[in-house]
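Structure, as structure tokens:
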Amino acid sequence: MAPNPRYRWLQIAGIVTLVLAAAVLVLALRHQAKEQRERQDIGLRAQEMMNQIEAEAQRMENAAAQK
């Protein structure tokens, strides 16, 4: 028994909708992952900068203590 042509178009529209929804989901997940990597990268750079500042402060304290 062949499906009614009206229902065939609904099936095609449903499949297209599912494919588009899947594509949007994949793009959203990729965007979220990219933002997460950027946030982590900023955190690492900030930590490195803090370590450099602390090391410089320690050097200055040692130099002041030696005088």
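The values are calculated or read from the model by the stated rules, or taken from the named source; none is laboratory data. All figures in this text were calculated on a predicted structure; none of them were measured in a lab. Neighbour counts are summed over all protein chains in view; Cβ atoms, including those assigned to glycine, are modelled from backbone coordinates with ideal geometry. Accessible surface areas use protein heavy atoms only, side chains included; no ligands, DNA or RNA. Shrake-Rupley method; radii C 1.70, N 1.55, O 1.52, S 1.80 Å.
Counting only residues that are open to solvent by less than 90 Å² (accessible area, probe 1.4 Å) and among the β-branched types (Val, Ile, Thr), the range 20-52 holds 1 of them.
Checking Ala23 against (1) touching a helix residue (DSSP H, G or I) at 6+ places or on another chain (Cβ under 9 Å); (2) modelled with pLDDT of 95 or more: exactly one of these is not met. Which one? Tallying (1) touching a helix residue (DSSP H, G or I) at 6+ places or on another chain (Cβ under 9 Å); (2) modelled with pLDDT of 95 or more, Ala23 fails exactly one: (1). Each residue in the range 1-19 was checked for being open to solvent by less than 80 Å² (accessible area, probe 1.4 Å) and part of a helix (DSSP H, G or I), and 4 of them qualify.
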